[in-house]
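Asker: My structure is below; once you've seen it, I'll send some questions.
Computed from the coordinates by the stated procedures, all read-outs in this text should not be read as laboratory data. Everything numeric in this text was worked out from a predicted model, so none of it was measured. Because the Cβ atoms are built from the backbone with ideal geometry, glycine has one as well, and the counts that use them run over all protein chains shown.
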Amino acid sequence: MNPNLALLKPYPFERLNRLKSGIQVPADLNHIALSIGEPKHAPPAFVLDTLSQSLAQISAYPKTKGMLSLRQSIASWLEQRFNLASQYINAETQVLPLNGTREGLFSFIQTCVDSSAANAKVLMPNPFYQIYEGATLIAGAEPYFLNCTAENGYLPDFDAIDIQTWKDCQLLILCSPGNPTGTVLPQSELVKLIHLADQYDFLICSDECYSEIYFDENTAPVGLLEACHSIGRDDFSRCLVMHSLSKRSNLPGLRSGFIAGDADVIQGFLQYRTYHGSAMSEPTQLASITAWNDEQHVIENRALYRRKFQQVLETLDGCLDVSMPDAAFYLWARLPEDDELFCQKLFAQQHITALPGQYLSREHAGINPGFKHARLALVATEVECLDAARRIKTFMQQNYN
């Protein structure tokens, strides 16, 4: 067995199940899960129609590189969404389909880490999506955590990283909009990181799977490729982005996403994937094309989230320390006590599952930035989310006034 398997930590939801085990809940209250970031809005009917109509093509082995028409749709979407020039992205060499960003992130980190190098490090935000850490450990590198706290606006403080750490860095993982914080890195910061990657010779992979859930139609989150465009970098050297249809189009079960950016890195990753056996089925590819080609359903999806956030935050105003995120569908609540104890009590008294913040983070420099925080995912129906908000308000009044 790979000895690095022993380094893996229990997944957050394993810990959460243990935390809730044996607790008696009120029989008159239905369960509301605010813990998992699984979209519950209806998927686009036209995507499902395309999927069902193309099932006959399941009999053929798909190509790892995917259909050119899919890669062209993705390239066109990126150019329109991130204000790039037409044909700025080469669909032949700079785009590759993924079976969702989770699969892509894990396999990409295996590809680009050189574990034979001394002190090989992968830098990542803290709190974070645990796949970043797990993939880094399996690849034989050291995760280096960048604390995101209230004091730094829940963004990594890149200026605090010492020169040796930059020299040891092989890959910098960004998550913007952030999970669980919902914060968005500004373009100026992305440009600064691109120059640091040039200086210290590391890759940047930006996980942008929440980029299409934002609350002001006139202010979409900026992306890493957009930052490249702003400095005229059309080869996207050292820069990669990942996107998914899971959040954008409410299609988590489709397992469809992509990586785009540096053609040389994409070529190496493609070679890995031909061995890895991760080709996307042709029906999934055809359904994905219809999703990437349509923006109206995404606009309507954002409107649903916008209405939920407004109503939930109005209900929680004055009782829970929480504010509107820049983007994504999480509330990153600041708590009056230990987050495990808070989530246990909330489940026991109100039959609501929230995720303790410390399950999404690690102690670094004497700080666990998830401590006394909880992640609340507003993915359920509007009725359920409002019901949860009212119960949380009652809970706060009964326990913390």
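Asker: What GluC sites (Glu not before Pro) does region 63-161 have in DSSP loop regions with at most 14 other beta carbons within 10 Å?
Answerer: Hits after loop and neighbour filter: 92.
Asker: Angle check, please: helix 100-112 long axis (alpha carbons) against the longest principal axis of the chain (alpha carbons), in degrees 0 to 90, nearest 10.
Answerer: 60
Asker: Residue 382 to residue 321: extension gain in nm, 0.36 nm per residue of separation minus the Cα-Cα distance? Before the final figure, lay out the partial values.
Answerer: Details: separation 61, 0.36 × 61 = 21.96 nm, distance 2.10 nm.
So the extension gain works out to 19.9 nm.
Asker: Shifting gears a bit: Any chance you could run the full-extension gain for residue 275 through residue 14? It's 0.36 nm times the residue separation minus the Cα-Cα distance, nm to one decimal.
Answerer: 90.9 nm
Asker: Using Cα centres only, tell me the gap between region 1-58 and region 202-231 in whole Å.
Answerer: Each part's Cα centre sits 26 Å from the other's.
Asker: Work through the residues other than residue 279 whose Cβ is under 10 Å from its Cβ and net out their charges, Lys, Arg +1 and Asp, Glu -1. Let's see the in-between values first.
Answerer: On the way: positive: 63, 65, 273; negative: 282.
With Lys, Arg at +1 and Asp, Glu at -1, the net is +2.
Asker: Next up: Quick one: go through region 155-189 and flag any residue whose amide nitrogen is under 18 Å from the point 7 Å out along the Cα-to-Cβ line of residue 334.
Answerer: Hits in region 155-189 for residue 334 at 18 Å: 155-157, 180-184.
Asker: Moving on to the next point. Report the gain in length on full extension from residue 264 to residue 83: 0.36 nm times residue separation, minus Cα-Cα distance, nm rounded to one decimal.
Answerer: Contour length minus Cα-Cα distance gives 62.8 nm.
Asker: Of 372/393; 308/393; 9/192, which ones are farther than 22 Å apart at the Cα?
Answerer: Too far apart for the 22 Å limit: 9/192.
Asker: Rounded, prolate or oblate: which fits region 180-334, taking a ≥ b ≥ c as square roots of the Cα gyration tensor eigenvalues, rounded meaning a/c under 1.5, else prolate when a/b beats b/c?
Answerer: oblate
Asker: Taking θ = phi - 60°, what integer Hz values does the Karplus form 6.51 cos²θ - 1.76 cosθ + 1.60 yield along region 365-374, in sequence order, with x for Gly and Pro?
Answerer: 6, x, 10, 10, x, x, 4, 6, 10, 9
Asker: Right, next: For region 216-226, just list the computed ³J(HN,Hα) in residue order, Karplus coefficients 6.51, -1.76 and 1.60, θ = phi - 60°, integers in Hz, with x standing in for Gly and Pro.
Answerer: Karplus-based 3J(HN,Hα) across region 216-226 equals 10, 4, 9, 9, 7, x, 6, x, 5, 5, 5 Hz.
Asker: Could you work out the relative contact order of region 275-401, using alpha carbon pairs under 8 angstrom and six or more residues apart, expressed as a whole percent?
Answerer: 25
Asker: Let me ask something else. Taking the chain as a Gaussian network, Cα atoms linked when under 10 Å apart, which of 153, 66, 366 shows the biggest mean-square fluctuation?
Answerer: Maximum among the listed residues: 366.
Asker: Which ordering of 292, 166 is given by a fewest-first count of other beta-carbon atoms within 10 Å?
Answerer: Taking fewest neighbouring Cβ atoms as first place, the list is 166, 292.
Asker: Oh, and also: Pick the calculated Cα extents along the principal axes in Å for this structure from (1) 61, 41, 31; (2) 59, 54, 46; (3) 96, 55, 42?
Answerer: (2)
Asker: Provide the FRET efficiency to the nearest 0.05 for the residue 5-residue 218 pair, computing r from the beta carbons and using R0 = 60 Å. Don't jump to the answer; show the numbers that get you there.
Answerer: Numbers: r = 47 Å, r/R0 = 0.79.
Computed FRET efficiency for residue 5 and residue 218 comes out at 0.80.
Asker: Mean separation of Cα pairs under 8 Å and 6+ residues apart, divided by the residue count of region 86-183: what relative contact order is that in percent?
Answerer: Relative contact order of region 86-183: 30 percent.
Asker: Can I ask one more? Mind running the shape call on region 274-346? Use the C-alpha gyration tensor, a ≥ b ≥ c as the square roots of the eigenvalues: rounded below 1.5 for a/c, prolate if a/b tops b/c, oblate otherwise.
Answerer: Because a/c hits 1.5 or more and a/b fails to exceed b/c, region 274-346 counts as oblate.
Asker: Just how far, in whole angstrom, is region 291-306 from region 354-370 if you go by their alpha carbon centroids?
Answerer: 32
Asker: Can you tally the net charge around residue 85? Count Lys and Arg as +1, Asp and Glu as -1, for every other residue whose Cβ sits under 10 Å from the Cβ of residue 85. Please report the intermediate quantities before stating the final value.
Answerer: Working: positive: none; negative: 79, 234.
Here the charged neighbours net out to -2.
Asker: Suppose a student asked you for the relative contact order of the chain, using Cα pairs under 8 Å spaced at least 6 residues apart; what percent would you report?
Answerer: About 25 percent, as a whole number.
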